[in-house]
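Colleague: If you scroll down you'll find the structure; I have some questions about it.
The values are calculated or read from the model by the stated rules, or taken from the named source; none is laboratory data. Model, not experiment: these values are computed from the prediction. Backbone-built Cβ (ideal geometry, glycine too); neighbour counts: all protein chains shown.
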Amino acid sequence: MSRSSKFLIITLLFTTSLLYSQNNTPKKTLTIKRSNNKAPKIDGLLNDLAWKGLEVAKDFVMLEPNNGEKENPDFKTEVKVLYDDEAIYVAAMLYDPNPSKIAQEFTSRDNYGQADHFTLVINPNNDGLNAMQFEVLITGTQVDAKVTNGDEDRNWSAVWKSATKILENGWSVEMKIPYAALRFSNEELQTWGIQFGRKLINQNAQYSWNPIDNRIGIWTQYDGILKGIRNINPPTRLSFYPYASTNVANFDGETEFNQNIGLDLKYGITENFTLDLTLVPDFGQAAFDNITLNLGPFEQRFNEQRQFFTEGIELFNKGRLFYSRRIGNKPVGYNDIDDNLATNEETYDNPDKVNMLNALKISGRTKGGLGIGFFNAVTDETKATIKKNHYRRWL
């Protein structure tokens with residue numbers, strides 16, 4: 001064997017062992033306790049008796065720009081977690097020697113803008129793949145997402161509480177995450193994956209509690225361990241979103257009234273599978289597409305704006321086989337009506353969309369990580385009307 005071959009083999013072995021050791025660094029562990037006192041008031045102040053004597057998650061590590069660098073003691077972060085029969089509670093103290101200079105841009109929900117923020121990631125299955133992410137900006141704005149394989153779905157939204165407070169030595173945040181916002185098993189003793197993060201806008205720096213090597217794998221594989229959760233029961237996950245809308249259109253002296261009423265339903269079939277159902281959905285708030293000319297042989301794809309088709313569809317997007325905009329699209333033959341008309345015929349009504357009556361999707365993952373999804377939609381019958389010699393003919 002030549003020297004170059006030996007050197008190549010040694011290099012490969014060294015690289016493989018290095019990658020293995022980096023990807024198998026011991027994870028930090030936080031032991032949680034059940035609250036024996038009154039649940040903390042979510043007001044941003046960390047003076048509740050419930051926070052006393054708890055284990056502290058600290059010693060954060062930089063994720064960007066200098067991956068792996070220890071946190072600056074002047075900007076350290078300390079986090080405490082507890083639970084009761086209703087929810088998980090989080091308290092974080094984010095130190096900053098110049099609180100008045102912290103970036104504080106106000107934004108709408110799920111928009112970061114230019115503002116420092118704190119991140120909580122919970123993975124009840126501890127599988128390194130599927131998690132729920134909850135973030136609070138210093139301004140109090142909430143951002144949440146469902147995470148799959150490192151991809152964040154911010155169309156997913158949950159109901160949870162949070163509050164922030166700017167102090168002389170930094171800022172603090174309190175969070176209450178109800179169990180209804182999570183998916184977990186009914187085992188007596190549970191071990192969850194958990195991660196905390198912090199973003200400092202003025203320093204363009206991002207930190208995490210459990211170190212993340214951004215060169216290897218996906219960031220959800222680097223969650224820390226949360227131990228000590230006992231005897232909690234997953235609640236019934238059932239929510240209704242009824243709606244009613246009306247609009248008035250006036251054109252060329254004619255006034256038209258339209259009314260809509262419908263319902264969205266979400267139900268947790270098991271701790272890992274969810275049913276989403278929409279009845280007579282209202283897509284009146286969806287944005288319009290820009291008109292473009294497609295001269296290519298392939299189907300043109302537009303961004304989906306309808307909420308039912310944007311939340312929890314990561315399983316259906318594999319391989320780009322599923323395209324939700326085909327549902328409720330223009331009727332087949334819409335563009336052929338005028339071409340097929342005789343000279344004495346005139347189009348009276350040619351609907352440019354198909355109304356949807358209902359749709360449902362079932363999605364989730366088994367404990368072994370197998371993703372399963374089922375989707376079905378029912379649309380209304382659509383007809384075009386043509387005038388010929390003062391009578392109408394249905395096509």
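Colleague: For N258, state whether it is of a type in the set (S, T, N, Q), surrounded by 10 or more Cβ atoms within 10 Å (Cβ to Cβ) and free of Cβ contacts under 8 Å to residues at least 40 places away in the same chain.
Modeller: Yes: the conditions hold for N258.
Colleague: Report, by residue number, each residue of the stretch 232-278 that is among the hydroxyl-bearing types (S, T, Y) and not in a strand (DSSP E or B).
Modeller: Of everything in the stretch 232-278, those that are among the hydroxyl-bearing types (S, T, Y) and not in a strand (DSSP E or B) turn out to be T236, T270.
Colleague: Moving to a separate point now. Restricting attention to the stretch 203-254, which residues are under 22 Å from the mean Cα position of the chain (by Cα), among the aromatic types (F, W, Y) and surrounded by 11 or more Cβ atoms within 10 Å (Cβ to Cβ)?
Modeller: Y207, W209, W219, Y222, Y241
Colleague: Separate question: Mind checking which residues of the stretch 187-237 are within 22 Å of V136 (Cα to Cα) and among the hydroxyl-bearing types (S, T, Y)?
Modeller: Y207, S208, T220, Y222
Colleague: Among the listed residues K199, K165, identify the single one that is touching a Gly at 6+ places or on another chain (Cβ under 8 Å), of a type in the set (K, R), modelled with pLDDT of 90 or more and surrounded by fewer than 23 Cβ atoms within 10 Å (Cβ to Cβ). Reasoning before the result, please.
Modeller: Numbers: K199 fails: touching a Gly at 6+ places or on another chain (Cβ under 8 Å).
Of K199, K165, the one residue that is touching a Gly at 6+ places or on another chain (Cβ under 8 Å), of a type in the set (K, R), modelled with pLDDT of 90 or more and surrounded by fewer than 23 Cβ atoms within 10 Å (Cβ to Cβ) is K165.
Colleague: A follow-up question, please. Say whether the condition of being under 19 Å from V136 (Cα atoms), surrounded by 13 or more Cβ atoms within 10 Å (Cβ to Cβ) and either hydrophobic (A, V, I, L, M, F, W, C) or at pLDDT below 95 (or both) is met by at least one residue in the stretch 17-24.
Modeller: No, the conditions are met nowhere in the stretch 17-24.
Colleague: Sticking with this structure for a sec: Taking interchain pairs and intrachain pairs at least six residues apart, which have beta carbon atoms under 6 angstrom, with the first residue in the stretch 372-389 and assigned by TED's automatic domain parsing to the domain that holds N329 and the second among the charged types (D, E, K, R)?
Modeller: Listed pairs, sorted by first residue: F375/K361; T385/D349; T385/R392; I386/E345; I386/R393; K387/E346; K388/E345.
Colleague: Only one of G113, G150 is on the phi > 0 side of the Ramachandran plot and out of contact with any helix residue (DSSP H, G or I) (no Cβ under 6 Å at 6 or more places or on another chain); which?
Modeller: Working: G150 fails: out of contact with any helix residue (DSSP H, G or I) (no Cβ under 6 Å at 6 or more places or on another chain).
After ruling out the rest, the residue left standing is G113.
Colleague: Kindly establish whether R183 is in a loop (DSSP other than H, G, I, E, B), within 30 Å of N98 (Cβ to Cβ) and under 16 Å from the mean Cα position of the chain (by Cα).
Modeller: Spelling it out, it is not the case that R183 is in a loop (DSSP other than H, G, I, E, B), within 30 Å of N98 (Cβ to Cβ) and under 16 Å from the mean Cα position of the chain (by Cα).
Colleague: Go through the residues of the stretch 100-107 one by one and say whether even a single one is under 20 Å from the mean Cα position of the chain (by Cα) and either surrounded by fewer than 16 Cβ atoms within 10 Å (Cβ to Cβ) or at pLDDT 95 or above (or both).
Modeller: Yes, the stretch 100-107 has at least one match.
Colleague: Sticking with this structure for a sec: If only one of K80, K52, K76 is free of Cβ contacts under 8 Å to residues at least 40 places away in the same chain and under 25 Å from the mean Cα position of the chain (by Cα), which one is it?
Modeller: Exactly one of K80, K52, K76 is free of Cβ contacts under 8 Å to residues at least 40 places away in the same chain and under 25 Å from the mean Cα position of the chain (by Cα), namely K80.
Colleague: So if I check each of A39, A57, which one is under 26 Å from I166 (Cα atoms), surrounded by 15 or more Cβ atoms within 10 Å (Cβ to Cβ) and either among the hydroxyl-bearing types (S, T, Y) or at pLDDT below 95 (or both)?
Modeller: Unique residue meeting the criteria: A39.
Colleague: Still on this structure, I have one more. If I ask for residues that are of a type in the set (D, E, K, R) and touching a residue at least 60 places away in the same chain (Cβ under 8 Å), which ones from the stretch 83-108 would you list?
Modeller: D85, E86, D96, K101
Okay, residues lined up against (1) among the charged types (D, E, K, R); (2) in a helix (DSSP H, G or I); (3) over 25 Å from I212 (Cα atoms):
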position: A92; (1), (2), (3): no, no, no
position: P97; (1), (2), (3): no, no, yes
position: S100; (1), (2), (3): no, yes, yes
position: R109; (1), (2), (3): yes, no, yes
position: G113; (1), (2), (3): no, no, no
position: T119; (1), (2), (3): no, no, no
position: N125; (1), (2), (3): no, no, no
position: G140; (1), (2), (3): no, no, yes
position: V143; (1), (2), (3): no, no, no
